[in-house]
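Input: a single structure, listed below in structure tokens.
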Amino acid sequence: MPAEKLHWTHLFHEVVTSGLCTGCAGCVVACPHDVLGYDDGDGHYKPFNIEEGTAPDQCSHGDRGCTLCTRACPRFRDWEGEADSLLFGRMRELDEVAGIAKDIVLARATDPQVLELGQDGGLVSAILLWALGRGIVDAALVSYLEGDGSSWKAVPGVARTREEVLASAGSRYTYSANLLAYNEALATGAEKLALVGMGCQTSMPPVMSARKGGKVPRKFALSIGLLCSKTFDDAIFPELLEAKYGLPREQIVKMNIKGVLQLWMRDGSYHEVPLKECHHWTREGCLTCPDFAAEHADISTGGIGAFNDWTLTLVRTDVGREVMGGMVADGVIEVRPGDDDPGAVALLRKLSRVSRKRWPEVAVAGPGRMPPPAPKPVA
Ligand SMILES: Cc1cc2nc3c(=O)[nH]c(=O)nc-3n(C[C@H](O)[C@H](O)[C@H](O)COP(=O)(O)OP(=O)(O)OC[C@H]3O[C@@H](n4cnc5c(N)ncnc54)[C@H](O)[C@@H]3O)c2cc1C
Ligand code: SF4
Ligand code: SF4
């Protein structure tokens, strides 16, 4: 970060109102003066100033030298280069379109209950259970469904027990700013946190750490990323799934995205909705997002590929390798080479390119850089 004191006014104009803000809530949890609130109503998912007597783009603490919100923001200025350099000691090569990774494998939980409840191979839940059991972390920031689940409203929360980890398993395709559970986790006495989230969220701890952001990033002992090309506004339930397809949200038991939006209903029926039709409900914060592969997590996980019950896994950091190695040694996961599914790795690269194309040219150049596409084979 330059010597200039960069604070909320800069963040407001360069990120929050410019179209770059993902709604990750990093700035909200980093703010030590409770100046920032978070609005997740009506498809907003944005931070806003709640300080009395100041304009929306002002902060009296920022004026006096506080810079923590800009230090936390994983979309402010050269965030990608700063996080790459911190985590990997170098910037990515042009060809590393899905970020820097040490290993790509397929993994799944050996515990049948974890495998059953997990979205793909149950790897994320298996990692949390293992890391909690070993004392590597003492709480995880995850996502739950609100109330009895019938509203399908995804909400951030804390998991510390097996029951809580299993209750959070599975994927919701609306936004849950899991970082918002940070203070709740600390209030339970937790000191070493795991963060589960899409790339927009898992870039926050390394970005803030690279910018010498103090104690907040030091609390994160492990981050688990979820591959992601978009999340939907909650309005997709009434306006598309119910209005056009007659699928009320309270009857949905599971969703997945595999080329189409897949829906399993309480009455046993199964439905597919073309993703093109869902596009209208893509959250604004996703429209400029260049990070498909959760590129700054210790371990990134996804469901693309030929094998439904396996999690496509990118092991990125030494911490990630230690965790995966320890879990294999303890027999809680099984692992096979990513090369077993070359189509998944090719799709990972393709979808990563699609996301990088979204980064606007008016912003810093890094996150949009990639090699030109390979020429089409001559027929
Ligand atoms: C919004 C979203 C979009 C995704 N898009 C893709 C994609 O395009 N391609 C792909 O290959 N994979 C995608 N994934 C990842 C995939 O769905 C699985 O999460 C991943 O493969 C891990 O599966 P698992 O069985 O190992 O995880 P599980 O053991 O089922 O654990 C899943 C974890 O994800 C957390 N979670 C669930 N929903 C949310 C949410 N909305 N916000 C934040 N955290 C959440 C839960 O708290 C849980 O800890 C997406 C996931 C999400 C949440
Ligand atoms: S991207 Fe995240 S940290 Fe940056 S302004 Fe938006 S909510 Fe705050
Ligand atoms: S596309 Fe996914 S990773 Fe990117 S901002 Fe949207 S939710 Fe976050």
Inset, instruction - For K5, list the lysines whose Cα falls under 29 Å from its own Cα; do not include residues on the same chain fewer than 8 positions away. - result: K46, K212, K215, K219
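Remind me, relative contact order of the chain in percent, using alpha carbon pairs under 8 angstrom and six or more residues apart? Before the final figure, lay out the partial values.
Working: 767 pairs, mean separation 78.1, N = 379.
The value is 21 percent.
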Inset, instruction - Name the residue farthest towards the positive end of the dipole of the chain from the options V335, P248, G135, assuming +1 on Cβ of Lys and Arg, -1 on Cβ of Asp and Glu, about the Cα centre. - result: V335
Inset, instruction - At 7 Å along the Cα-to-beta-carbon direction for both D148 and K244, put a label point, then send me their distance in nm to one decimal. - result: 3.0 nm
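DSSP loop (so not H, G, I, E, B), at most 10 other Cβ within 10 Å: list which GluC sites (Glu not before Pro) in the stretch 92-164 pass both filters.
Listed in order of number, the matching sites are E93.
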Legend entry - Expected 222 nm ellipticity per residue - DSSP helices of 4 or more, -39500 (n - 2.57), all of the chain, to 500: -7000 deg cm²/dmol
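Among the GluC sites (Glu not before Pro) in the stretch 286-367, which ones are in a DSSP loop with at most 16 other Cβ atoms within 10 Å of the Cβ? Mind listing them? Provide the component values of the computation, followed by the final result.
Numbers: sites: E295, E322, E334, E361; in loops: E295, E361.
Those that pass, being in a loop and sparsely packed, are E361.
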Legend entry - Cα gyration tensor category, rounded, prolate or oblate, for the stretch 160-206 with a/c compared to 1.5: oblate
Inset, instruction - Can you tell me the relative contact order of the stretch 233-323? Whole percent, Cα pairs under 8 Å, sequence separation 6 or more. - result: 17 percent
Inset, instruction - Show H61, H44 ordered by accessible area, largest first, where the area counts protein heavy atoms only and the probe is 1.4 Å. - result: H44, H61
Inset, instruction - Would you list which lysines come within 17 Å of K258, measuring only between C-alpha atoms, while excluding same-chain residues fewer than 8 positions from it? - result: K230, K276, K350
Legend entry - Mean accessible surface per residue for the chain, computed with a 1.4 Å probe while every protein chain stays in place, in Å²: 43 Å²
Inset, instruction - Just reorder L287, L195, L227 by solvent-accessible area, largest first, 1.4 Å probe, all chains present. - result: L287, L227, L195
Inset, instruction - Starting from the amide H of F220, placed 1.01 Å from N in the peptide plane, find each other amide H under 5 Å away whose residue is 5 or more places distant or on another chain. - result: L193
Inset, instruction - Give the relative contact order (percent, whole number) for the stretch 35-143; include only Cα pairs under 8 Å separated by 6+ residues. - result: 9 percent
Legend entry - Percent carbon-and-sulfur accessible area, the stretch 329-379, ignoring ligands, DNA and RNA, probe 1.4 Å: 62 percent
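The values are calculated or read from the model by the stated rules, or taken from the named source; none is laboratory data. In this text, all values refer to a predicted model and were calculated from it rather than measured experimentally. Methodologically, a virtual Cβ is constructed for each residue, glycine included, from the backbone with ideal geometry; neighbour enumeration extends over all protein chains shown. Each accessible area value is taken on the protein alone, full model and side chains, heavy atoms only, with ligands, DNA and RNA left out. Shrake-Rupley method; radii C 1.70, N 1.55, O 1.52, S 1.80 Å.
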